Amino acid sequence: MTQFFGQLADALERDGAAALATIVTAEGSAPRMAGARLFVRPDGAGGGFEGTVGGGILEARVLEACRTALGDGLARLLTFDLSADEAAGSDMICGGRVQLYVEPLRAASCPRLASMLREADRLTTQGRRCVLVNVLRPDAAPDCRRLLLAGEGQGADVSGDLALEPGALAELRKAVASASGPLCVEAGGLSLLADPVASPGRVVIAGAGHVGRQVALMASLAGFRVTVVDDRPDFAKADRLPGADDVRCVGQGGDWLAGLGLHEDCYVVIVTRGHRNDGEVLASALRTPARYVGMIGSRRKRDAVYRRLEEAGTPRAAIERVHSPIGLDIGAETPEEIAVSIVAELVQARAASRVRHMVAPVQVVTPVGVADGV
């Protein structure tokens, strides 16, 4: 499943243009946090859009600004100040203050942009942190040059066509080292928007039965990339798992998680058909750095599996990582309801990880020529 930037790359290559809107700052009870994005296709390509910045009147105004930008070719830095009264009057349930950067992009003047966007998609799918950096030019034609920082700190790999002197590049790397949301910085005499690209997270579901099938669909709808593994050929079929990006069938007695390259931005959901398989997959999962490991079943079953793991030498500290019984306690009974409870817990874990990575508050240096929206 293609992520947001891959979809934007497709639009640039197919339609020749798109307008990208990114929330730079969000204060109060804004509908979406900084880093939320959407892009709009030109009218000749159907005028549709992908992504969201929160819906309601705010999104309607942003869509209008994007279409205007596609028409006049000018970038915009817009501020929307929605007080509680204004939000209620426009049928919005959220208020707050939101600042967005709207940038019209044309493939002809940005020949390297699509490939860089695809690279950002590829890196985040692998769980690697990356930051897209572009020049802020409100009320002017956009500067399509960009940098892609991949990795951490001063050792981050750098690619792109935006040239910065070594000192300015070091300053930029330092500024974005702990940012989990967009950051406006001054470096090399330029106003830059540094936008960390959040990984969607990868959910690995061990078990393609009734619950696994519904978890795959629900996790996909929540924006995760989904892999499903089972040892039954009749179950491990892509056509019966529409939410899965990857479906694998393992041999009897094989390691269900072997070769998956699990990293810290992975979430393992264990919903196999039996205790023995659950225990084997759990033991394998606890040897990985996966952020989340959850196992379905009653507390009695859980305790029996834990006891066997401890007898086999698994440290108690590792076992305490496990979420079991899996999912938030919402009184779920059907496979669909159980999937809702499981994916809700996955979303909770993903959100908590992003909060933990925000070490320093976002700093905004407002460039000259800010355009205020209503």
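Quick notes on this structure:
- A viscosity of 1.306 mPa s and a temperature of 10 °C, combined with the Kirkwood radius over Cα pairs in Stokes-Einstein, give a translational diffusion coefficient for the chain of 71 µm²/s.
- Estimated from the Cβ-Cβ distance and a Förster radius of 45 angstrom, the FRET efficiency linking Ala108 and Glu337 is about 0.35.
- Taking Ser199, Ser159, Ser220 as the candidate residues, the one with maximal mean-square fluctuation in a Gaussian network model of the chain, Cα springs under 10 Å, is Ser159.
- GluC sites (Glu not before Pro) restricted to the stretch 137-240 and DSSP loop, no more than 14 other C-beta within 10 Å: Glu152
- Heavy atoms of the protein chains alone define the surface here; on that basis the stretch 193-283 has 38 Å² accessible area per residue at 1.4 Å probe size.
- When each of the peptides 205-213, 253-261, 131-139, 110-118 is scored by the mean number of other C-beta atoms lying within 10 Å of its residues, the order from highest to lowest reads 205-213, 131-139, 110-118, 253-261.
- Contour minus Cα-Cα distance for Ala170 and Arg321 (0.36 nm per residue): 50.6 nm
- Between Asp255 and Glu311, the FRET efficiency estimated from the beta carbon spacing at R0 = 30 angstrom works out to 0.90.
- In this calculation the C-beta distance from Asp157 to Met33 is compared with R0 = 30 Å, giving a FRET efficiency of 0.65.
- Ranked by how many other beta carbons lie within 10 Å on average, peptides 305-315, 228-238 from highest: 228-238, 305-315
- Accessible surface of the chain [probe 1.4 Å, protein heavy atoms]: carbon and sulfur percent: 52 percent
- The chain - mean residue ellipticity at 222 nm from DSSP helices (-39,500 (n - 2.57) per run, n ≥ 4, rounded to 500): -10000 deg cm²/dmol
- Full extension of the segment from Asp239 to Thr68, taken as 0.36 nm per residue of separation minus the current Cα-Cα distance, would add 57.4 nm.
The values are calculated or read from the model by the stated rules, or taken from the named source; none is laboratory data. Nothing here was measured: the structure is a model prediction, and the numbers come from that model. Cβ: placed from backbone, ideal geometry, glycine included. Neighbour counts: every protein chain shown. With ligands, DNA and RNA removed, areas are computed over all heavy atoms of the protein, side chains included. Shrake-Rupley method; radii C 1.70, N 1.55, O 1.52, S 1.80 Å.
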